[in-house]
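Asker: Next up is a structure, given as structure tokens.
The values are calculated or read from the model by the stated rules, or taken from the named source; none is laboratory data. Not measured: the values here are computed from a predicted model. Cβ placement follows ideal geometry from the backbone for every residue including glycine, while neighbour counts extend to all protein chains displayed.
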Amino acid sequence: MAWVIGATDLRATPIALPASLVDALHRAEPFGGEARDISAGTLNDKWQELARKLDDERVQLALCDGDREHCVSPAALRFLAIVDQARAREGRARLGEINRAINLAIRPVSDLAQYGEEDVWSSPLATFSRGAGDCEDYAIAKVAALRLAGLAANDLRIVILHDTLHREDHAVAAARLDGHWLVLDNQRMAMIEDADTRFVRPLFVFDDTGIAKYAETPMRVSAPEPLSGAIAAADMIATAD
């Protein structure tokens with residue numbers, strides 16, 4: 001009988017979406033497809049350990065953010081300088097500022113070369129102290145910086161992808177803006193939407209609530225290859241202004 005309700009009543013009584021639909025929209029993940037929560041295992045243990053470090057660093061960064069003069073961490077000050085630049089921008093420009101600045105601030109080095117072991121997940125301040133890291137270290141730092149710059153936790157993810165061209169796994173940050181997920185990748189300065197990525201298969205997605213594993217998804221099959229070496233460096237310099 002909705003057609004007999006007056007306009008005033010319609011404004012006063014907003015339509016409520018079914019709880020299942022609200023939850024699906026709230027949990028919509030980058031790269032689409034279904035992702036199921038993981039609550040145990042080595043990967044979950046690694047993420048939980050990192051989450052504890054992130055909580056500690058949030059306190060340290062909050063203290064330094066409120067009193068720069070007495071901050072004793074050069075890494076925190078460098079990190080906050082990037083956040084300051086992002087806070088001065090809005091929308092896509094804010095995301096792009098953090099993507100570009102962190103790409104330039106961290107030197108790409110493998111975990112094996114830096115730590116003598118594989119798959120070490122570093123917190124942002126540890127990465128900024130060393131000035132070097134691998135793909136997941138960039139992604140972790142970007143998500144932390146975006147949180148400080150004002151983005152909601154539910155709009156931020158770290159995604160582990162499988163690069164089907166180079167046959168290796170790769171980590172990126174993802175940020176949701178106006179309902180679209182943008183990919184922040186240490187291998188390129190330009191952000192692209194998840195729907196435009198190619199030659200990748202999403203494996204796992206992380207947020208502040210935990211980890212989820214993607215169901216098997218079709219391979220995305222065409223896109224520019226990542227920049228590397230001197231070409232990447234030239235692109236970074238050219239786009240820095």
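Asker: When segment 38-55 is examined, which residues are found to be without any contact (Cβ under 8 Å) to a residue 40 or more places away in the chain and over 19 Å from the mean Cα position of the chain (by Cα)?
Answerer: A40, G41, T42, D45
Asker: Determine whether segment 108-120 contains at least one residue that is in contact (Cβ under 8 Å) with a residue 24 or more places away in the chain, surrounded by 18 or more Cβ atoms within 10 Å (Cβ to Cβ) and either over 18 Å from A171 (Cα atoms) or among the hydroxyl-bearing types (S, T, Y) (or both).
Answerer: There is no residue in segment 108-120 that is in contact (Cβ under 8 Å) with a residue 24 or more places away in the chain, surrounded by 18 or more Cβ atoms within 10 Å (Cβ to Cβ) and either over 18 Å from A171 (Cα atoms) or among the hydroxyl-bearing types (S, T, Y) (or both).
Asker: What number of residues within segment 134-153 are crowded, with 19+ Cβ neighbours inside 10 Å and either part of a helix (DSSP H, G or I) or aromatic (F, W, Y) (or both)?
Answerer: 13
Asker: Restricting attention to segment 140-164, which residues are touching a Lys or Arg at 6+ places or on another chain (Cβ under 9 Å) and hydrophobic (A, V, I, L, M, F, W, C)?
Answerer: Once the filter is applied, which keeps residues that are touching a Lys or Arg at 6+ places or on another chain (Cβ under 9 Å) and hydrophobic (A, V, I, L, M, F, W, C), segment 140-164 yields V143, A144, L146, L148, A149, L151, A152, A153, L156, I158, L161.
Asker: Can you go through D56, D9, D45 and tell me which one is at pLDDT below 50, assigned to a helix (DSSP H, G or I) and not basic (K, R)?
Answerer: D9
Asker: Would you check which residues across segment 93-107 are surrounded by fewer than 15 Cβ atoms within 10 Å (Cβ to Cβ) and closer than 24 Å to R176 by Cβ and list them?
Answerer: Within segment 93-107, A93 is the sole residue that qualifies.
Asker: So, in segment 170-187, of the ones that are in a strand (DSSP E or B) and closer than 17 Å to S122 by Cα, which residue ends up farthest from the chain's Cα centre (by Cα)?
Answerer: The extreme case among them is H170.
Asker: Step by step: first the residues of segment 188-203, then only those that are hydrophobic (A, V, I, L, M, F, W, C) and part of a loop (DSSP other than H, G, I, E, B), then the one that is nearest to R36 (Cα to Cα). Which residue is that?
Answerer: F199
Asker: Collect the residues in segment 66-83 that are more than 18 Å from the chain's Cα centre (by Cα) and farther than 15 Å from G131 by Cα, keeping them in residue-number order.
Answerer: Within segment 66-83, G66, D67, R68, E69, H70, C71, V72 meet the criteria.
Asker: From L95, L80, L61, which residue is in contact with a strand residue (DSSP E or B) (Cβ under 6 Å, 6 or more places away or on another chain), touching a residue at least 60 places away in the same chain (Cβ under 8 Å) and on the phi < 0 side of the Ramachandran plot?
Answerer: After applying the criteria, what remains is L95.
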